[in-house]
Structure formats: C-alpha cells, structure tokens
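Shown next, in structure tokens, is the structure this report addresses.
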Amino acid sequence: MPSCKSEAVILQATDYAEFDKIVSCYTKHYGRIRGVAKGAKRSQRRFGGALEPFTHNEVTFFEKEGRGLVRLEHCRIINTFPELTKEIKKIAYGNYLLELVNTLTPERESHEEVFTLLLYFLNMLSEQTVREDLLRIFEIRLATLLGYQPQVMRCITCGSDYLPTEIYCFSVKKGGIVCAACHQHNEAFPEISHGTIKIFQQVQQVNLEKVHRIHFSAASHAEGKLILSRFLEYHIGRKPKSLEFIEHIS
C-alpha cells in the first residue's frame with residue numbers, strides 16, 4: 001500500500017468504534033476522500049486537533065485495496081482559521097461551504113481549483129466582516145467548476161444570446177435562463193431580473209482574487225438566494241442542513 005500525501009481541508013469527522021474517526025476531506029491532489037483515522041481519539045501525536053472541520057492540513061494516507069475508505073496515518077496542521085470559529089455566523093457560513101463541497105463533489109476525482117476555491121473562501125470568512133452574499137458567490141463558482149454552472153449568457157432552451165431588453169425566467173431543472181419566447185406559462189419558473197443576471201455573469205467571469213469586490217444589491221441577493229437554493233437543492237436532492245441553521249440564526 002503506497003502512501004499518499006496532500007494538502008487537505010477537513011469537511012466532516014464522525015466518531016467510529018471506540019477510538020477511531022471517519023473523516024471526509026477535500027485534498028489538493030486527490031479530490032474528496034473518506035478515510036479511517038485509527039486511534040484518532042487518543043493519539044495526540046498523529047492527529048491532535050487536526051481532524052476538526054475547517055482545518056487545513058497536510059495529510060498522509062494509505063490506499064486500502066478493494067475498499068473505498070483510505071487509512072489516514074498522520075496530519076500536520078497548516079491553518080485552523082481561528083477567527084472563523086469565534087463568531088457563530090462565520091461558523092454557520094463556513095459549515096455551509098463544507099457541506100456543499102462534501103455533497104456536490106464526486107469522490108476520488110482530482111480538482112485542484114475546487115480546493116483552491118474552498119481555501120480562498122475560508123480565508124475570506126476568517127479575515128473579513130461576514131457577508132451573506134459571499135455564499136452566493138461561492139455557490140455559483142463551485143457549480144461552475146463542477147460543470148453545471150447556471151447558464152446566464154444565453155437562453156438555455158433556444159440558445160439565443162442574452163439581451164437586456166428581454167424578459168427572462170430561470171429554469172432550475174434546465175439550469176439557466178429561459179427567454180420569453182421559450183417560456184411555457186404552465187411551468188413554475190421564477191422570474192429573474194437583469195440586475196441578477198448581470199451579477200451572476202460577473203461572478204462567473206471575474207478572477208478568483210477579485211470576487212471579494214463583488215457586492216449583490218439587496219434585491220439581487222434576495223432573488224439570487226431563492227434561485228440558487230432551488231438550483232442546488234435540485235442537484236443535491238435535499239435542502240442542506242447547514243442552510244437551515246443559517247436561516248434559524250438570521
């Protein structure tokens with residue numbers, strides 16, 4: 001069993017048996033992996049506090065032939081994002097990011113840009129004043145990286161280019177805007193304003209290092225939140241549990 005080493009962010013850790021933990025993490029080089037950390041509840045030398053959610057580690061693990069779970073051998077903490085865990089709203093927002101990555105990404109598929117996106121947003125949540133529209137930006141960027149970005153450049157049905165003079169709705173199932181000519185009135189598509197379409201376009205196109213400069217208006221945020229929550233719930237198959245907690249504390 002060859003050993004593997006990679007940077008990783010801990011997404012979830014649950015107790016298993018008397019001394020072990022089952023850990024889900026997103027790695028820089030191997031994508032999302034799940035593994036058993038043997039003796040994690042009693043080995044400070046090998047794991048310490050490295051298996052707490054949000055923790056950015058360098059992990060060493062062994063592939064187990066014929067099994068989905070790897071064997072986590074050692075973690076070296078790089079960053080614990082201490083400022084993120086001092087405020088309940090930041091914790092709630094951070095947990096939402098972790099849950100989206102844990103539920104939307106396929107297991108064992110390397111995607112370094114997803115790792116970079118997650119790490120960048122955890123740093124932003126830790127270092128900046130908390131903003132709910134950062135969640136909308138993360139939702140759009142993650143969906144875009146995973147290949148089902150909301151189509152807001154053209155009608156998802158007929159392919160006609162977006163025009164600021166048209167009226168558009170958003171199809172959750174089709175995953176994009178629908179022009180008036182294609183919209184069937186018996187389908188419950190929520191209408192989407194030009195302001196929201198344009199900010200979705202901006203989020204998709206801007207460099208990652210500049211996304212913190214994007215601010216949703218109150219109206220676009222309310223509209224975008226409704227559309228994206230339905231869109232992601234459709235792809236996940238359920239409402240994220242961490243989103244329910246955010247709604248509870250808001």
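The values are calculated or read from the model by the stated rules, or taken from the named source; none is laboratory data. For clarity, every value in this text was computed on a predicted model and none was experimentally measured. Neighbour counts are summed over all protein chains in view; Cβ atoms, including those assigned to glycine, are modelled from backbone coordinates with ideal geometry.
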Q. In this structure, is TYR148 closer than 30 Å to ALA8 by Cα and part of a loop (DSSP other than H, G, I, E, B)?
A. yes
Q.
Give all pairs with beta carbons closer than 8 Å in which a residue from the stretch 118-133 that is farther than 18 Å from HIS221 by Cα meets a residue that is among the hydrophobic types (A, V, I, L, M, F, W, C) and surrounded by fewer than 16 Cβ atoms within 10 Å (Cβ to Cβ); count only pairs at least 6 apart in sequence or on separate chains.
A. TYR120/LEU208
Q) Has the stretch 57-80 got any residue that is closer than 27 Å to SER229 by Cα and crowded, with 19+ Cβ neighbours inside 10 Å? A) no
Q.
Step by step: first the residues of the stretch 157-177, then only those that are aliphatic (A, V, I, L, M) and at pLDDT 95 or above, then the one that is farthest from ARG141 (Cα to Cα). Which residue is that?
A. LEU163
Q.
Can you tell me which condition ILE140 does not meet? The list is (1) within 19 Å of ILE249 (Cβ to Cβ); (2) touching a Pro at 6+ places or on another chain (Cβ under 7 Å); (3) β-branched (Val, Ile, Thr), and all the others hold.
A. (1)
Q: Would you list the helices (runs of 4 or more DSSP H) that sit entirely within the stretch 159-250 and hold 3 or more residues that are of a type in the set (A, V, I, L, M) and farther than 19 Å from GLY147 by Cα?
A: 218-236, 241-249
Q.
Any residue in the stretch 81-107 that is on the phi > 0 side of the Ramachandran plot sitting within a Cβ distance under 8 Å of a residue that is among the hydroxyl-bearing types (Ser, Thr, Tyr)? List the pairs, counting only those 6 or more apart or interchain.
A. PHE81/THR55; PHE81/SER126
Q.
One residue is enough: does the stretch 194-207 have a residue meeting the conditions touching a residue at least 60 places away in the same chain (Cβ under 8 Å) and not aliphatic (A, V, I, L, M)?
A. yes
Q: Check whether at least one residue in the stretch 101-118 is aliphatic (A, V, I, L, M) and closer than 22 Å to SER250 by Cα, and report yes or no.
A: no
Q | Residues (surrounded by fewer than 20 Cβ atoms within 10 Å (Cβ to Cβ) and assigned to a helix (DSSP H, G or I)) located in the stretch 103-121 | A | THR103, LEU104, GLU112, GLU113, THR116, LEU119, TYR120
Q: All but one of (1) at pLDDT below 90; (2) buried (at least 20 other Cβ atoms within 10 Å of the Cβ); (3) acidic (Asp, Glu) hold for GLU139, so report the exception by its number.
A: (1)
Q: State the number of residues belonging to the stretch 1-37 that are surrounded by 17 or more Cβ atoms within 10 Å (Cβ to Cβ) and not in a strand (DSSP E or B).
A: 2
Q | Residue that is within 21 Å of VAL101 (Cβ to Cβ) and under 20 Å from the mean Cα position of the chain (by Cα), where the choices are HIS215, HIS235 | A | HIS235
